[in-house]
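Chemist: Here it is: the structure, laid out below.
The values are calculated or read from the model by the stated rules, or taken from the named source; none is laboratory data. Bear in mind that the values here come from a model prediction, so they are computed numbers and not experimental data. FYI the Cβ positions are ideal-geometry reconstructions off the backbone, even for glycines, and counts take in every protein chain you see.
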Amino acid sequence: MIDFDDLVEALKEDLNPRQMAARFEISEELAGNLKDHFDKYGVSSVMGGD
């Protein structure tokens, strides 16, 4: 689980997927998908769910 505020901070820092993957301990592919999604749709968009 990634903290929303931490994700927003990483996006503000413009981290690349490899850096995000290392920070959040997720796959580089998932980090790239998250970055692409938020770049395309913005931070108010929800991806996935409970």
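Chemist: So which pairs qualify, if the first residue must be in region 20-39 and free of Cβ contacts under 8 Å to residues at least 40 places away in the same chain and assigned to a helix (DSSP H, G or I), the second must be among the β-branched types (Val, Ile, Thr) and surrounded by fewer than 16 Cβ atoms within 10 Å (Cβ to Cβ), the Cβ gap must be under 6 Å, and the two must be at least 6 apart or on different chains?
Modeler: PHE24/ILE2
Residue-wise test of (1) hydrophobic (A, V, I, L, M, F, W, C); (2) at pLDDT 90 or above; (3) out of contact with any Asp or Glu (no Cβ under 7 Å at 6 or more places or on another chain).
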| position | (1), (2), (3) |
| --- | --- |
| LEU7 | yes, yes, yes |
| PRO17 | no, yes, no |
| GLU28 | no, yes, yes |
| ALA31 | yes, yes, yes |
| SER44 | no, no, yes |
